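A.B. asks: Take a look at the following structure, please.
Bear in mind that the values in this text are calculations on the coordinates, not laboratory data. Everything numeric in this text was worked out from a predicted model, so none of it was measured. Backbone-built Cβ (ideal geometry, glycine too); neighbour counts: all protein chains shown.
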Amino acid sequence: SKHTKEADIRKIYKELFYQLEFVMKKGGKMALLTENASLLKEMITKDFKLAKEDELWAGEQKYQFIMLEKI
């Protein structure tokens with residue numbers, strides 16, 4: 001949401017990566033779609049790499065597609 005505080009989003013992303021470390025196997029991929037990927041890319045942990053990045057449009061709304069791979 002555009003109205004969510006950055007600190008709250010950071011907490012959610014931190015928890016997401018913490019959980020992904022346990023449930024994903026090496027070489028596993030995770031796809032994410034967001035309006036703004038800058039904070040997400042900043043918070044990628046050492047256990048993941050950015051495998052693919054693209055822009056998608058739905059009408060006039062732009063989204064960023066991010067694919068992460070567990071290393």
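A.B. asks: Working only within the range 49-71, note down all residues that are of a type in the set (A, V, I, L, M, F, W, C) and within 21 Å of Glu6 (Cβ to Cβ).
C.D. replies: Leu50, Ile66, Leu68
A.B. asks: Let me ask something additional. I need a count of the residues in the range 31-63 that are outside any loop (DSSP other than H, G, I, E, B) and either basic (Lys, Arg) or within 20 Å of Leu20 (Cα to Cα) (or both).
C.D. replies: Number of matching residues: 16.
A.B. asks: Have a look at Lys46, Lys70, Lys11 and point out the one that is basic (Lys, Arg) and surrounded by 12 or more Cβ atoms within 10 Å (Cβ to Cβ).
C.D. replies: Lys70
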